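I'd like to ask some things about the structure below.
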Amino acid sequence: MAKEMHEFQAETKQLLDLMVHSIYTNHEIFLRELISNASDAIDKLHFESLTNRDLLEGDEDFEIYLVPDAESHTLTISDNGIGMDRQEVIDNIGTIAKSGTKAFLDKLKEAKASNAAITDKEMIGQFGVGFYSAFMVAEKVVITTRKAGEKQAVRWESVGDGSFSVEDCDKEKRGTSITLYLSQEFYGDKAEENFTETYKLENLVKKYSDYVRYPIKMNFVIEETPKDKDGKPIEGAEKTKRNELRTLNSMQPLWTRDKKDIKPEEYNEFYKNQFHEWEDPLEVFHTKAEGTVEYTALMYIPSKAPFNLYHTDFEAGMQLYSRHVFIMDKCKDLLPDYLRFVKGLVDSPDLSLNISRELLQQSRELKVIGKNLEKTVLKTLERLLKNDRAKYEKFWAEFGKSLKIGIYNSMYTGGDTKDKLKDLLLFVTSKEEKLTSLKEYAERMPENQKKIYYATGRDKSIIEKLPQMELLKEKGIEVLYLTDQVDEFAIEALHEYDGKPFHSISRGDLELDDAESQEVKKETEDIAKKNDDLMKDIKTALGEKVADVKVSTRLKSSAVCLVADEQGPSLSMEQTFADMDNPMFKAKRILEINPHHDLFNRLQSLHEADKDSQNFKDYCDLLYTQALLIEGILPENPVDFANKVAKLMAK
Ligand code: ADP
Ligand code: MG
């Protein structure tokens, strides 16, 4: 096929532009990216060859080559992995199909627009832009590649200016060769970073790619002075040159080494290399087990949640190895979904290399390993919470949501997830500046307090001003502030902690049973009895909008508030459902009116004067709308509300 020109996708152009103008100052990482792609390509071929040996074409020595050339200012990275056919080159290299890269650009724009103090390094860390990093150091990139099992090879070329070409070419060995025509700053003796220098490249491989499991080879030219028969250099003799092919990486899998010999930096470097991460992990755990099932696991908690952690395109899961041979990436069924953020790998001689992904994921051995690993992670989290609160809170800020969703989902999946996770939850609270666990809350509860109270709202300052908080504040009762939408769902799923039921301050009766509260309750019942007609008529005036209208015991200075019925969703849950386009779930609204507020008298007199008057109806409506606004819910008809207020003000 003839040479074809293609335009990069708009997003790719943007990304290339960023790379060329180097938003990232650490240029050398391009090598790690290209080596990791080479290693991925070999993994893919290796995996496919398990079921189709012909693909190997008799060449089973997987390897990666670095070929620097000082004269032509090029560096070539070659692999004998799976390779690409014409369409794959166009699809994989020319366009950004991956939503991740798109999201990266969006986020970058967003960050730039809002001047957020987020560094490019952090940005790339979250997304990883792989191949394109080649354009940080090269003014032209040429790829020649032949897919394993196919005859025709293709050549791709681009100067990173918005277009690329593809054409047929010859290539004897299967796999991919990527040649970088280095930009001026990156070759020659005077360059600060010379990427044609063998020693420089050797150091980079040691630094970033030492654990890559295929040999990374490079030719060294060794200059030597000839020696005499006693092994002494012959003076004055002309130096000889010889080639020596060396493997640059140790390839010894880190996890097979003894824990006590591994330095923290080694764990971190391995993590970044293996899982394409930019930042050090928050926590590492390395365990060996010898029992019914033998395995070694190396697991990490990242320090940052990936941007798409809760998105359907996020692929959770650990890598699987059997006797140090890679079997599978992203094994899903190993860990429960609420630990989806854990990165790592498991190496077990008890896992079989030659069975299908599906069967492997369901194997008994894997189930046993998964159960143990889950325990290990939970133990580690418990330990952090107890001994390193600051670190745990960092974890919580990034991944707390996962655990909360886990508790919520356990309502449907059953099991003992709730019990496993309940002590790992942290909440904002009315009593303390720092976050609190349920255990800490329970320990602070006075003896006569039977329930754990909670309130929902966007943030602490908003919740603190809720009318429903007034009484509890006055009584000094601690309230958990649920500021994350999923909090309430998790709390509802938990139902109780340590025998103490949860109770929303915006639901039903607060059920305080101190003497004073009992008195207020009796007094309120009296008032309610006397004003039974008033309440009924307010309800009639409001029609479908409310399920009930009541005299309140919980209000101190505010005139009204809305609460939800004991059963069914709360008002904030209703909002969450509506946000998810699921407006079916409606809270049963109860309007509570403060009998000690001046407005109550006004209502009484309006009611007495004429309960069918428009004036009385307008008052009822305004009261209800106020209560809605306090909850952060917009009235259905804002214009109507504004007009009624204006009319009243003008009186
Ligand atoms: P990622 O590695 O995260 O998928 P990259 O930008 O690094 O993203 O690579 C894009 C894609 O190009 C890879 O997913 C792969 O399909 C293809 N690719 C890159 N390098 C190679 C290679 N050496 N051999 C085969 N395919 C490759
Ligand atoms: Mg890559």
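The values are calculated or read from the model by the stated rules, or taken from the named source; none is laboratory data. Since this is a predicted model, take the numbers as computed values, not measurements. When we count neighbours, we look across all protein chains shown, and the Cβ atoms used for this are built from the backbone with ideal geometry, even at glycine. These accessible areas exclude ligands, DNA and RNA; they are computed on the full protein's heavy atoms, side chains included. Shrake-Rupley method; radii C 1.70, N 1.55, O 1.52, S 1.80 Å.
Among the residues of the stretch 231-289, how many are in a loop (DSSP other than H, G, I, E, B) and within 27 Å of G130 (Cβ to Cβ)?
Residues flagged as in a loop (DSSP other than H, G, I, E, B) and within 27 Å of G130 (Cβ to Cβ) within the stretch 231-289 amount to 13.
Report whether or not T553 is of a type in the set (S, T, Y) and open to solvent by 30 Å² or more (accessible area, probe 1.4 Å).
yes
Of the numbered conditions (1) free of Cβ contacts under 8 Å to residues at least 60 places away in the same chain; (2) touching a Leu at 6+ places or on another chain (Cβ under 9 Å); (3) open to solvent by 40 Å² or more (accessible area, probe 1.4 Å), D329 fails exactly one; give the number of that condition.
If we test D329 against (1) free of Cβ contacts under 8 Å to residues at least 60 places away in the same chain; (2) touching a Leu at 6+ places or on another chain (Cβ under 9 Å); (3) open to solvent by 40 Å² or more (accessible area, probe 1.4 Å), just (1) comes out false.
Could you pull out every one of the strands (runs of 3 or more DSSP E) wholly within the stretch 1-86 that has 2 or more residues that are within 17 Å of F135 (Cα to Cα)?
Where strands (runs of 3 or more DSSP E) fall fully within the stretch 1-86 and carry at least 2 residues being within 17 Å of F135 (Cα to Cα), they are 74-79.
I'm checking my understanding of the structure. Among residues of the stretch 128-166 that are part of a strand (DSSP E or B) and among the aliphatic types (A, V, I, L, M), which one is surrounded by the fewest Cβ atoms within 10 Å (Cβ to Cβ)?
Filtering the stretch 128-166 for residues that are part of a strand (DSSP E or B) and among the aliphatic types (A, V, I, L, M), the one surrounded by the fewest Cβ atoms within 10 Å (Cβ to Cβ) comes out as V142.
Here is a further query. Quick one: in the stretch 442-482, of everything that is outside any helix (DSSP H, G or I) and of a type in the set (S, T, N, Q), which residue is most open to solvent (accessible area, probe 1.4 Å)?
N448
Here is a further query. Out of the residues in the stretch 492-517 that are in a helix (DSSP H, G or I) and open to solvent by 30 Å² or more (accessible area, probe 1.4 Å), which is farthest from E474 (Cα to Cα)?
Checked the stretch 492-517; the qualifying residue farthest from E474 (Cα to Cα) is E492.
Given (1) open to solvent by less than 60 Å² (accessible area, probe 1.4 Å); (2) at pLDDT 95 or above, identify the lone condition not met by E382.
Here E382 clears every test but (1).
Condition check: at pLDDT below 90 and of a type in the set (F, W, Y). Does F8 satisfy that?
So F8 passes the test.
Can you report the number of residues in the stretch 569-589 which are in contact (Cβ under 8 Å) with a residue 60 or more places away in the chain and not in a helix (DSSP H, G or I)?
Selection size over the stretch 569-589: 1.
Can we say E566 is surrounded by 22 or more Cβ atoms within 10 Å (Cβ to Cβ), in contact with a Lys or Arg (Cβ under 7 Å, 6 or more places away or on another chain) and either in the same structural domain as M469 (by TED's automatic domain parsing) or outside any strand (DSSP E or B) (or both)?
Answer is no for this residue.
Quick one: count up the residues across the stretch 371-424 that are more than 21 Å from the chain's Cα centre (by Cα) and not charged (D, E, K, R).
7
Can we say L56 is more than 11 Å from ligand 1 (Cβ to nearest atom) and either assigned by TED's automatic domain parsing to the domain that holds F195 or charged (D, E, K, R) (or both)?
yes
A further question on this structure: Identify all residues within the stretch 611-647 that are free of Cβ contacts under 8 Å to residues at least 60 places away in the same chain, open to solvent by 70 Å² or more (accessible area, probe 1.4 Å) and part of a helix (DSSP H, G or I); write none if there are none.
Q614, L629, V639, N643, K647
Sticking with this one: Do you know which residues across the stretch 180-221 are out of contact with any helix residue (DSSP H, G or I) (no Cβ under 6 Å at 6 or more places or on another chain) and assigned to a helix (DSSP H, G or I)?
If the condition is that a residue be out of contact with any helix residue (DSSP H, G or I) (no Cβ under 6 Å at 6 or more places or on another chain) and assigned to a helix (DSSP H, G or I), then Q184, E185, F186, T198, Y199, K200, L201, E202, N203, V205, K206, K207 are the ones that fit.
Report, by residue number, each residue of the stretch 115-156 that is modelled with pLDDT under 60, away from ligand 2 (no atom under 15 Å from the Cβ) and among the small types (G, A, S).
Passing the criteria: A116, A117.
Conditions tested, residue by residue: (1) among the charged types (D, E, K, R); (2) open to solvent by less than 40 Å² (accessible area, probe 1.4 Å); (3) more than 16 Å from ligand 2 (Cβ to nearest atom).
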| position | (1), (2), (3) |
| --- | --- |
| A10 | no, no, yes |
| Q14 | no, no, yes |
| N37 | no, no, no |
| L55 | no, yes, yes |
| P68 | no, yes, yes |
| T76 | no, yes, yes |
| I82 | no, yes, no |
| Q87 | no, no, yes |
| N92 | no, no, no |
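Report, by residue number, each residue of the stretch 398-441 that is open to solvent by 20 Å² or more (accessible area, probe 1.4 Å), modelled with pLDDT of 95 or more and hydrophobic (A, V, I, L, M, F, W, C).
Answer for the stretch 398-441, where residues must be open to solvent by 20 Å² or more (accessible area, probe 1.4 Å), modelled with pLDDT of 95 or more and hydrophobic (A, V, I, L, M, F, W, C): V428, L435.
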